[in-house]
């Protein structure tokens, strides 16, 4: 019984850790976008305002996939263990 | 410029803005279970109403979102009270500035043909922004509950579908079988991916802010206990928790919340205007003009015959 719950919790924790690998993509993408925006500002300093606004918009949209991973990680750590343990206990009864 | 005094109407508007938030805070204090340490949980459930299929839960998020709506209503009533042709008061200048900015944004991103969408976009911006900012008062931000955002996204999805139908029902159905009919299931999935991705983008950003703030304040409490724990009286009090979380809430509550409100409004505008492109609108207008022309000719003919 304890072993089963332990394996369950370990699985949830490992899954949450794996889900956060999704953070790599947005990191690279946002870095690239900011670099390009900086070089654009360096070439044309007069359009700094509009470049910054568009860059922040694009960054927030590029963040989406990372946020999906984060949501799954949060669910796996704070929500899933209770539900899974309850299912397990009910199944044993 | 004469300075306007507050009259009863303004006072009532201010009360409409502030009282719902106070009521929500009092409810939260009354219903929060007493416990040691900090827990991360979803919205508290205040009341349960028995319904035939499933009990209906009235949760913190719903109560707070009603408070937010009342706040925005009170703000709008307050800003538009006593309008004059020539702006005399500061609040009229602010109200005009807000309206001009939003209409400029709508015209720039959706085109002139969607000019009447200004109020909807302003409402989305105001309610989403104020919801995210309500976490500054210690309330559970309604935008951190997936149900609230899903409701907004479904509204936007209905609007997008309506405008796609307006561009021609045949074109809408044909759009699912492109480029080849085998892709139909994929096209259906990508159609439903729009509201889902809009929901999870906004909800995940605000929720991650909430969770990280709670984790941070727990960690700071432990750290201050570790460092100052040996001092007799002061040690029992988490000193490091004062002020430091505020710096992080600058990003997680204010910046992130407002950016997400802006992005939600932006995606709403872009999706709606992409569903009904300029060419379809021009075609529609052309057909309408031809129909009006024919009707006019027919009427003239009838008048001549008589």
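Quick note: the coordinates plus some simple rules give every number you see, no bench work behind them. Computed from a prediction, not measured in an experiment: that's the story for all the values here. Positions of Cβ are generated from backbone atoms using ideal geometry, with glycine treated the same way; all protein chains shown enter the neighbour counts.
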Sequence-separation-based contact order of chain A, relative, with Cα cut under 8 Å and 6+ spacing, percent: 49
Cα gyration tensor, the protein assembly as shown - rounded (a/c under 1.5), prolate or oblate: prolate
Mean Cα-pair separation over length for chain B, i.e. relative contact order, pairs under 8 Å, 6 or more apart, %: 19
Rounded if a/c under 1.5, otherwise prolate or oblate - chain B, Cα gyration tensor axes: prolate
Region B:96-275 - percent relative contact order, Cα under 8 Å, separation 6 or more: 33
Ordering of B:91-101, B:170-180 by packing [mean C-beta count within 10 Å, highest first]: B:91-101, B:170-180
Cα-based helix-to-principal-axis angle, B:146-166 vs chain B, degrees rounded to 10: 10
Three-way shape label, region B:1-158, alpha-carbon gyration tensor, a/c 1.5: oblate
C-alpha long axis of helix A:48-62 to longest principal axis of chain A, angle in °: 20
Cα-based helix-to-principal-axis angle, B:256-275 vs chain B, degrees rounded to 10: 20
Peptides ranked, highest mean first, by Cβ atoms within 10 Å: ranges B:13-24, B:76-87: B:13-24, B:76-87
